[in-house]
Structures are given as structure tokens and as C-alpha cells.
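The values are calculated or read from the model by the stated rules, or taken from the named source; none is laboratory data. These figures come from a predicted structure and were not determined experimentally. Positions of Cβ are backbone-derived with ideal geometry, glycine not excepted, and every protein chain shown enters the neighbour counts. These area figures cover heavy atoms from the full protein model, side chains too; ligands, DNA and RNA do not enter into them. Shrake-Rupley method; radii C 1.70, N 1.55, O 1.52, S 1.80 Å.
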Amino acid sequence: MPVSDQAFVTLATNDVYCQGALVLGQSLRDHRATRRLVVLVTPQVSNLLRVILSRVFDEIIEVNLIDSVDYIHLAFLKRPELGVTLTKLHCWTLTHYSKCVFLDADTLVLSNIDELFSRRELSAAPDPGWPDCFNSGVFVFQPSLETHGLLLQHATDHGSFDGADQGLLNSFFSNWSTADIQKHLPFIYNLSSNTAYTYSPAFKQFGSSAKVVHFLGSSKPWNYKYDPQTGSVLEEGSGSVSQHQTSFLNLWWGIYHRSILPLYENIRHEDEQT
Ligand code: UDP
Ligand code: MN
């Protein structure tokens, strides 16, 4: 029985990140997610991508921070560098849902993760670079205009120690690392594809139970070239891509080829018929 007052939420501020959102959304569908799929977009996202997103997501919500309510406008004027950060915070305004799971557009779901909805705000997995901080690529939250306002206030008053949403969210939910172990999601819900390598025996032991992979860092799956004939990404130059990272990249591209590219084709045919 689908639960309609809970949702998986992601964000794309441009057509490039939409490619990630599409694969993420499709991966949730492939694993029979029982909650609504929501994508937040900004005005920069093209009409074509909105149409394609609508084939995968239940709801596309445009967030236009610059001309939304006054207090956001104010936050922007004082801290223009926090642009994308403040956009992510907009997920707290989805008050037609009682609880949501936010996933970065550069994540990929490998199995059903509906059980995350039994967790409370703010649940997240440790950041591989500094495990007393949580990584903000995957988190459970409860939409609330009050919390949203407090977060923006926090942003204007204190900024963000890393210039992004993760620093801000960690200083706002500052007792995450000590207060409640239930709010520590297992690492398998936000497995960084590139850092698992630093503790490879653990990866050998636990990697196969990964449920969400996060392609964090500067090289995103859509930056690679893919050969559909061999079903694998082409490794040019970089050289440092590990075996398991390659297999996650291949998974991402497999979904892109099998399920996302055909959507573009379908829309082209529909256009030709009208
Ligand atoms: N994002 C976006 N447009 C951007 C940058 C980021 O839509 O230009 C969104 C997207 O959902 C992305 C998230 O913000 O997954 C966090 O950024 P990113 O994943 O690039 O950061 P990382 O996880 O590598 O630190
Ligand atoms: Mn990310």
C-alpha cells in the first residue's frame, strides 16, 4: 500500500544535475519505492528536462529562491555564496508530506530503502572524511516551515563552515554525533563510491550490502564516457578509479541507457506526431 504523505526528495538546479536526478528516480522505481518521488528544480531547468522528469517523478516543484518570501531574499543579499545551499534547505517547505528522505542527485539506490521512513529527523550517515559530521547527501527530515525559517536564520547569522549545505546542517543539528544512535544511519545508506577504497578490507566485508551509493566529489557519473557495447565506462587519464567505483559507474550508466535515454526518444516521437 503506497504511503502518500511521505516522499523521497531530490534537487536539480540545472539540466546536467537532472541527469543524476533521473537515474536516481529510476533506481528508486526499479526497487519498488512505496513513497512519492519528488524533485525540486530551479528556473534554470529547461522545459524538455521538466517533461522528462515528469515521466519518472510524481511531483516536480519549482523553487525560485530569489523572488520567494522576504526572509530568503534577505538571506541571499547577506550571503550570496550560499545559493545552492539555501536551495537544498527548501526541502523543509514540503509540508504536504509528514516525513521525507532527501537524496542528492548524485546518489544511486541499489535496493529498497523504504525502511528509512521509520527513522526520525535528522537521521544521516557519517561523513567518510570526518565521521563526527554527517554527510548531507542522504538524510531523513520532517518538513516544517518553522524549521525552514530557523535554518535560514542560522545561515544568515553563522554562514556555513564549508560554504555548503553540509556545514550548515551539521552546525544546526549539532548534537547529531552524540545525542541518539538511532539517528546514525549505517554507512551502507550513503556509501561514498570513491572513499570506500581507503578501508578496502571493510569494503570487501560489507560493500556488497550497500543500499545507496554516493558519487560525491568532483567527478560525477555523467562526466564519464560510456560504451553501451561493452556496458562499461571508458577510463581516460584519471587512472585512479578503483574496481568497485567502476562497477557502480557501470550500474549508473546501465540505468541511464536502458531507462532514461528512451524517454528522450519517446518525447521526440510524440512531438513528430503532433
Ligand atoms: N546540486 C545541483 N546543482 C549544482 C550543484 C548541486 O542541483 O550545481 C544539488 C544536487 O542535488 C547535488 C547536491 O546539490 O547532488 C549536492 O551537490 P554535490 O552532490 O555536487 O556535492 P557533493 O556530494 O559532491 O559534495
Ligand atoms: Mn552529492
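Here are some notes:
- Contact map, the stretch 161-176: first residue at pLDDT below 95, second residue more than 16 Å from ligand 2 (Cβ to nearest atom) and part of a helix (DSSP H, G or I), Cβ cut-off under 6 Å, separation 6 or more or different chains; pairs are L168/A155.
- Taking the stretch 15-43 as the range and being within 20 Å of R258 (Cβ to Cβ) and either out of contact with any Phe, Trp or Tyr (no Cβ under 7 Å at 6 or more places or on another chain) or aromatic (F, W, Y) (or both) as the test, the residues that pass are C18, A21, L22, L24, Q26, S27, R29, D30, H31, R32.
- Filtered residues of the stretch 74-113 (kept if assigned to a strand (DSSP E or B) and either within 16 Å of ligand 2 (Cβ to nearest atom) or modelled with pLDDT under 75 (or both)): V101, F102, L103, T107, L108, V109
- Of the residues making up the stretch 201-223, those that are without any contact (Cβ under 8 Å) to a residue 40 or more places away in the chain and more than 16 Å from ligand 2 (Cβ to nearest atom) are P201, A202, K204, Q205, F206, G207, S208, S209.
- If the condition is being within 16 Å of ligand 2 (Cβ to nearest atom) and either part of a helix (DSSP H, G or I) or of a type in the set (D, E, K, R) (or both), then the stretch 1-27 contributes V16, Y17, C18, Q19, G20, A21, L22, V23, L24, G25, S27.
- Residue check, L37 within 16 Å of ligand 2 (Cβ to nearest atom) and open to solvent by less than 20 Å² (accessible area, probe 1.4 Å): no
- Beta carbons closer than 8 Å, at least 6 apart along the sequence or on distinct chains, pair a first residue in the stretch 14-25 that is under 17 Å from P43 (Cα atoms) with a second that is within 11 Å of ligand 2 (Cβ to nearest atom) and not charged (D, E, K, R) for Y17/L11; Y17/A105; C18/A105; A21/T10; A21/L11; A21/A105.
- Of all residues making up the stretch 123-136, the number that are away from ligand 1 (no atom under 14 Å from the Cβ) and open to solvent by less than 10 Å² (accessible area, probe 1.4 Å): 1
- Looking at the stretch 167-274, the helices (runs of 4 or more DSSP H) lying wholly inside it that each contain 1 or more residues that are open to solvent by less than 30 Å² (accessible area, probe 1.4 Å) and among the polar types (S, T, N, Q) sit at 243-255.
- Within this structure, D104 passes the test of being under 22 Å from Q26 (Cα atoms) and within 16 Å of ligand 1 (Cβ to nearest atom).
- When the stretch 43-73 is filtered for residues that are closer than 24 Å to K99 by Cα, surrounded by 15 or more Cβ atoms within 10 Å (Cβ to Cβ) and modelled with pLDDT of 95 or more, the ones remaining, listed by number, are L53, R55, V56, F57, D58, E59, I60, I61.
- Test: H148 is more than 15 Å from the chain's Cα centre (by Cα), buried (at least 17 other Cβ atoms within 10 Å of the Cβ), in a helix (DSSP H, G or I) and free of Cβ contacts under 8 Å to residues at least 40 places away in the same chain: no
- Unmet requirement for F117, which otherwise passes all of (1) within 16 Å of ligand 2 (Cβ to nearest atom); (2) part of a helix (DSSP H, G or I): (1)
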